[in-house]
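Remarks on the structure that follows.
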């Protein structure tokens, strides 16, 4: 799945604010110090410890395991984990805030390379590592979806499948005396799918079950 780069300018008018759909570690090296960052989706502050521990397990022996999270504009926190105060966690949090990430945790581990970077160097390094972690993240947004289970006859199956292919996120078919379709679509596409069902079956289709829900989806899927 292609990664969606983070953008430095993002406003609430653009659409749902991003969180993490999937991610992988990103590394930044300066003066032989290795900074390895990764983003995680974080829906509750209570879960942050488990995610930070996962980075400790993945990268044992690092000198620092710094982190910052921004769940909402008001719910945010950061840790320097032994680095000089204000040189690690806060710069990372500033990146999250500037780019309007929500429900997002960034952890950056540092393997000290033997050369001190100074306060300014540390701030830059942690900001850079956090930025690279976000650039190595597939953005996700919560979207309103619709699931519907419908029955149609065999004669209309091929035409319906061709017509709804680009409108649906997934379709699963079961074949018995008739065809049962389990369809998942974005909520704003359901009306057009219904219109196809109505047209191609001449009204002879049956809605067995429907459900509206929200799901985390990759942005621009």
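I need every pair where a residue in the stretch 36-63 that is over 16 Å from residue 22 (Cα atoms) and in the same structural domain as residue 79 (by TED's automatic domain parsing) has its Cβ under 7 Å from the Cβ of a residue that is assigned to a loop (DSSP other than H, G, I, E, B) and at pLDDT 95 or above, sequence separation at least 6 or different chains.
Within 7 Å, the pairs are 36/25; 36/59; 45/71; 45/75; 48/42; 63/112.
Among the residues of the stretch 146-156, which ones are surrounded by fewer than 19 Cβ atoms within 10 Å (Cβ to Cβ) and more than 16 Å from residue 199 (Cβ to Cβ)?
Of everything in the stretch 146-156, those that are surrounded by fewer than 19 Cβ atoms within 10 Å (Cβ to Cβ) and more than 16 Å from residue 199 (Cβ to Cβ) turn out to be 147, 149, 151, 154.
Return a yes/no flag: does the stretch 171-187 have any residue that is within 25 Å of the chain's Cα centre (by Cα) and assigned to a helix (DSSP H, G or I).
yes
Do you know which of the residues in the stretch 157-179 that are more than 28 Å from residue 218 (Cβ to Cβ) and touching a strand residue (DSSP E or B) at 6+ places or on another chain (Cβ under 9 Å) is surrounded by the fewest Cβ atoms within 10 Å (Cβ to Cβ)? Spell out how you get there, then give the answer.
If we filter the stretch 157-179 for residues that are more than 28 Å from residue 218 (Cβ to Cβ), which is where we start, we get 157-159, 175-179.
Filter once more, keeping what is touching a strand residue (DSSP E or B) at 6+ places or on another chain (Cβ under 9 Å): 157, 178-179.
Numbers: 157: 17, 178: 13, 179: 19.
Step by step, filter the stretch 157-179, then rank; the result is 178.
Since residue 217 meets every condition but one in (1) over 16 Å from residue 164 (Cβ atoms); (2) surrounded by 13 or more Cβ atoms within 10 Å (Cβ to Cβ); (3) at pLDDT 95 or above, which condition does it not meet?
Single failed check for residue 217: (3).
Of the residues 107, 149, which single one is farther than 30 Å from residue 204 by Cα and not in a helix (DSSP H, G or I)? Spell out how you get there, then give the answer.
Working: 149 fails: farther than 30 Å from residue 204 by Cα.
Exactly one residue qualifies, and that residue is 107.
Condition (residue is touching a strand residue (DSSP E or B) at 6+ places or on another chain (Cβ under 7 Å) and either part of a strand (DSSP E or B) or surrounded by fewer than 16 Cβ atoms within 10 Å (Cβ to Cβ) (or both)) applied to the stretch 190-205: is it met by at least one residue?
We begin by selecting, within the stretch 190-205, every residue touching a strand residue (DSSP E or B) at 6+ places or on another chain (Cβ under 7 Å); these are 190, 193, 197, 201, 205.
Keeping just the survivors that are either part of a strand (DSSP E or B) or surrounded by fewer than 16 Cβ atoms within 10 Å (Cβ to Cβ) (or both) gives none.
No, the stretch 190-205 has no match at all.
For the stretch 84-111, give me each residue that is touching a residue at least 40 places away in the same chain (Cβ under 8 Å) and surrounded by fewer than 19 Cβ atoms within 10 Å (Cβ to Cβ).
98, 100, 111
Would you check if there is a residue in the stretch 110-121 being in a strand (DSSP E or B), within 30 Å of residue 32 (Cα to Cα) and either assigned by TED's automatic domain parsing to the domain that holds residue 65 or modelled with pLDDT under 95 (or both)?
yes
The values are calculated or read from the model by the stated rules, or taken from the named source; none is laboratory data. Bear in mind the structure is a predicted one, so any value in this text is a computation, not a measurement. Quick reminder, even Gly has a Cβ in these numbers, built from the backbone with ideal geometry, and neighbours come from all protein chains shown.
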